[in-house]
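*Asks:* Sharing a structure here in structure tokens format.
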């Protein structure tokens, strides 16, 4: 007597049969690798800048030491320490030059990696449905990168503004003091003249580049975007739950679309403000 065959047990999926990650997971993974590669590229470029600064400084010191060695030979003075310093600086220049060449190759490799990952990131983004909730959620989280970028630029502009104002204040006090202390026929009277010219140039640059206005606009835009981000998270103001109490996927998609529209509007306003700062007063009057 044969027993009826029972339900067949499904065999476990092999490594090649496992479900592939979805478009959103693939996009996030490539985005993570892209950010890591971009960080390595920035570090390599910063190291390259440090190498060049050390190399140029070493070359300048080599020139000074070589001049002192020549002068010491003319005056028949002991130059043993000068020779040691010259040889040490030459060795430092050679070592820094070798490191700069090696780092240059790494920069090229990192730059190629970043370009390839950027292409892969764009390709993965095209596979994410533009009308899906996942894509809107990705945009909402990506808005935090925009906030960070704007705040970084704002901090940079405000630091430049504060530094220039400090230079103008300290330089003005120093110039007025040296002018009062030094007589007209003093041999160092040119110091006060140079300080006055330097302060005038600095003030002109501050008025032209408008670091304070740029920093204020960037900070304001970042704060507005973050306010909308928090409003979508806690369902505040225009992102509140609908009157009938429904909070389904359609309502969430509508909130995220509204958030995307507001962020794009704020970014467009920021671009217009930057263009207005770039224009001269004469161009504004013509418009």
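The values are calculated or read from the model by the stated rules, or taken from the named source; none is laboratory data. Being a predicted model, the structure only gives us computed values, none of them experimental. Ideal geometry is used to build each Cβ from the backbone, glycine not excepted, and the neighbour counts take in all protein chains shown.
For (1) out of contact with any helix residue (DSSP H, G or I) (no Cβ under 7 Å at 6 or more places or on another chain); (2) in contact (Cβ under 8 Å) with a residue 60 or more places away in the chain; (3) under 30 Å from residue 260 (Cβ atoms), each residue gets a yes or a no:
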residue: 140; (1), (2), (3): no, yes, yes
residue: 147; (1), (2), (3): no, yes, yes
residue: 152; (1), (2), (3): yes, no, yes
residue: 155; (1), (2), (3): yes, yes, yes
residue: 174; (1), (2), (3): no, no, no
residue: 199; (1), (2), (3): no, no, no
residue: 235; (1), (2), (3): yes, no, yes
residue: 238; (1), (2), (3): no, no, yes
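*Asks:* Determine whether the range 146-162 contains at least one residue that is part of a helix (DSSP H, G or I) and more than 19 Å from the chain's Cα centre (by Cα).
*Replies:* Yes, the range 146-162 contains at least one residue that is part of a helix (DSSP H, G or I) and more than 19 Å from the chain's Cα centre (by Cα).
*Asks:* Anything in the range 174-216 that is at pLDDT 85 or above and over 30 Å from residue 277 (Cβ atoms)? List them, or say none.
*Replies:* Scanning the range 174-216 gives a single hit, 174.
*Asks:* Of 144, 75, 122, which residue is closer than 23 Å to residue 40 by Cα and at pLDDT below 85?
*Replies:* The match here is 122.
*Asks:* Among the residues in the range 146-168, are any within 30 Å of residue 253 (Cβ to Cβ) and surrounded by fewer than 13 Cβ atoms within 10 Å (Cβ to Cβ)?
*Replies:* Taking the range 146-168 and keeping what is within 30 Å of residue 253 (Cβ to Cβ), we get 146-151.
Within this subset, residues satisfying the condition of being surrounded by fewer than 13 Cβ atoms within 10 Å (Cβ to Cβ) are 148-149.
The answer is yes, given that some residue of the range 146-168 is within 30 Å of residue 253 (Cβ to Cβ) and surrounded by fewer than 13 Cβ atoms within 10 Å (Cβ to Cβ).
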